[in-house]
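Note sheet for the following structure.
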There are 2 protein chains.
Amino acid sequence: MQKISPSTAIDHLPHLAYDSVIFGFSGTQLKILIMEYHNTNIFALPGGFVLKNENLNDAVRRGLKERTGLDNIHLEQFYTFGDADRNNAEPMRTILVKNGLSPEKYHWMLERFISVAYYALINYKDVVPQPDALSDSCRWYPVNALPPLMMDHALIVEKALQTLRDNLDRKLARGNLLPPKFTMKELQQAYEAILGTSLLRTTFQRRMLSLNLLERHEKQYSGGAHKAPYLYSFIRFEAS
Amino acid sequence: MQKISPSTAIDHLPHLAYDSVIFGFSGTQLKILIMEYHNTNIFALPGGFVLKNENLNDAVRRGLKERTGLDNIHLEQFYTFGDADRNNAEPMRTILVKNGLSPEKYHWMLERFISVAYYALINYKDVVPQPDALSDSCRWYPVNALPPLMMDHALIVEKALQTLRDNLDRKLARGNLLPPKFTMKELQQAYEAILGTSLLRTTFQRRMLSLNLLERHEKQYSGGAHKAPYLYSFIRFEAS
DNA sequence: CTATTATTGTCACGAATTGAGACAATAGGA
DNA sequence: TCCTATTGTCTCAATTCGTGACAATAATAG
């Protein structure tokens, strides 16, 4: 949730929110940005609301920019969660109270919300996560060690992962999960972290090269006592 | 759009709608249900609104039931369209006027709508399309010969097709595009209509059989002067 | 300077899958 | 009984994939 003021209710479309599953990759781990609300032990995906005259996609881009400082990120919408009972008013009431806001004045926040979910693949190192008005932290958590999430956010993460997993080739190539240049090993580790399986090195390398999505650059001398790997980058095609 | 009354505005979530791309298959053609509004020459996808306490998915199911009489149909949500300018008030105003409804009273229908889009694969023969209060026809049109559609509905159809095309195997097996029993040729024609390409008969047959999704039944004696084909049906797995 | 070691890029070979045609087995009609 | 259109299956080559082998390093240790 983004900056909140009493006017938020009238500036924004009612009953509509978005949530974002922001993936990052560090070492061998796939991570997600998770927010924690002040003094509540309540964890949630970063989300926000849509201005009355704003494109839905722009609203999410705006939120992501506030959260990560990053612009021009490839966002992919993957599902809209619309069960009537997905909003449990209790945690939100707690969040308001602990933030010194009156649940009466902010009653609109306790109502039902339909949430459009997006995911983004961003470069872990480029980001300094920014908590927002209601939350005191916005941190990376490994996907397989998430804190308990409020409402249906665990389900949203699960669906994001499922979506990401199929046609992963194209998705990784468009996102920014890896730095601009990376080794084949790093690429393989990213695949393995996302798919949750281990892959055969030689087969993987052959398949990646045959996709014609990679450009080969100079070698990377890591200081290790072994052959230096090539660096690769994705060949970027026009925005479709 | 479904039944409309002055109370619709307060019974439903504001600014939220759904649209459905209902696919049917007849002969060799893939078709879609399209509505035409009374005396307007305005064509649109069947859609509707969501009750304040209704699950989004249930709202769509309800609309589909009204439109086709069919229950228990596999619906798949595929995208939410949220551009601020996707709603052009003019056609909707025309529709209201031509239906003898005052644009002032029904002003909420002219506002911005976010629309969650679903597709369904249903058996052409099971359906007697039902127009709703505002429309005078609800008819099948071949996907490649659609009338000009209002707003961004052509885009919605395009995206539905794109979505349907990948992982078509699983999707066809879950939907009801074909009758309960069908020949291999009918199955191939459905694939070809959806993918827009022609497929090799022998390769297709081998691939289909190797998927272990089909059960073989008795032969169909069509009256034609040639070998009778087997009938097949999809093996239905538990709902996931 | 040479031997050692961990890694990486590539190749080789059999297994599995796919493309494309051949062919036998019908179900009627002539 | 023969003919024809269609269907089910097989074959063979082409391609892709799983798997291991192997040579080419980039330091480090002796």
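Figures for the structure shown
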{"read-out": "Share of carbon and sulfur in the accessible heavy-atom surface of the protein assembly as shown [1.4 Å probe, %]", "value": "50"}
{"read-out": "Relative contact order (%) - segment A:44-169, alpha-carbon pairs under 8 angstrom, separation at least six", "value": "29"}
{"read-out": "Mean Cα-pair separation over length for segment A:113-222, i.e. relative contact order, pairs under 8 Å, 6 or more apart, %", "value": "29"}
{"read-out": "For chain B, built as a Gaussian network whose Cα springs stay under 10 Å, the top-fluctuating residue of B:Leu64, B:Leu209, B:Leu195", "value": "B:Leu209"}
{"read-out": "Kirkwood-Stokes translational diffusion coefficient of the protein assembly as shown, alpha-carbon pairs, 25 °C, 0.890 mPa s, µm²/s", "value": "98"}
{"read-out": "Inter-copy label distances at A:Arg207 (7 Å, Cα→Cβ; nm, one decimal)", "value": "1.8"}
{"read-out": "Calculated FRET efficiency for the pair B:Asp166/B:Ala133, C-beta based, R₀ 41 Å, to 0.05", "value": "0.65"}
{"read-out": "Links that overshoot a 28 Å alpha carbon limit, given the list A:Lys125/B:Lys159; A:Lys65/A:Lys185; B:Lys65/B:Lys171; A:Lys171/B:Lys181", "value": "A:Lys125/B:Lys159; A:Lys65/A:Lys185; A:Lys171/B:Lys181"}
{"read-out": "Heavy-atom surface of segment B:179-234, accessible at 1.4 Å and reported per residue (Å²)", "value": "64"}
{"read-out": "Prolate/oblate/rounded call for segment A:35-112, Cα gyration tensor, a/c under 1.5 rounded", "value": "prolate"}
{"read-out": "Candidate lysines for bridging to B:Lys98, where Cα separation is under 22 Å - those fewer than 8 sequence places away on the same chain excluded", "value": "B:Lys3"}
{"read-out": "List of segment A:100-114 residues, accessible area with partners at least 50 Å² below that of the chain alone (1.4 Å probe)", "value": "A:Arg112"}
{"read-out": "Beta bridges per DSSP with both ends in the protein assembly as shown, % antiparallel, nearest 5", "value": "75"}
{"read-out": "Convex hull (Cα only) mean projected area of chain A, reported in nm² to one decimal", "value": "14.2"}
{"read-out": "DSSP-defined antiparallel bridges as percent of all bridges, chain B, nearest 5", "value": "75"}
{"read-out": "Reduction of at least 40 Å² in accessible surface, 1.4 Å probe, comparing all protein chains with the chain by itself, residues of segment B:39-65", "value": "B:Asn55, B:Leu56"}
{"read-out": "Exposure rule at most 13 other beta-carbon atoms within 10 Å, DSSP loop chymotrypsin sites (Phe, Trp or Tyr not before Pro): chain A longest free segment", "value": "A:1-220"}
{"read-out": "For segment B:179-234: relative contact order, % (alpha-carbon pairs under 8 angstrom, 6 or more apart)", "value": "44"}
{"read-out": "Accessible area per residue in Å² at 1.4 Å probe, computed on segment A:8-168", "value": "40"}
{"read-out": "Charge dipole of chain B about the Cα centre (unit charges at C-beta), most positive-ward option of B:Phe25, B:Pro147, B:Val50", "value": "B:Phe25"}
{"read-out": "Summed buried accessible area for B+A [probe radius 1.4 Å, Å², rounded to 100]", "value": "1800"}
{"read-out": "Identity and axial distance of the chain A residue whose Cβ lies nearest the axis relating A to B, Å", "value": "A:Thr80, 2"}
{"read-out": "Label 7 Å beyond Cα on the Cβ vector: A:Lys125 copy-to-copy distances, nm", "value": "6.3"}
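The values are calculated or read from the model by the stated rules, or taken from the named source; none is laboratory data. Only a predicted model underlies this, so the values are computations on that prediction, with no experimental measurement involved. Note that we place each Cβ from the backbone using ideal geometry, even for glycine, and neighbour counts take in every protein chain shown. Note: areas computed on protein heavy atoms with side chains; ligands, DNA, RNA excluded. Shrake-Rupley method; radii C 1.70, N 1.55, O 1.52, S 1.80 Å.
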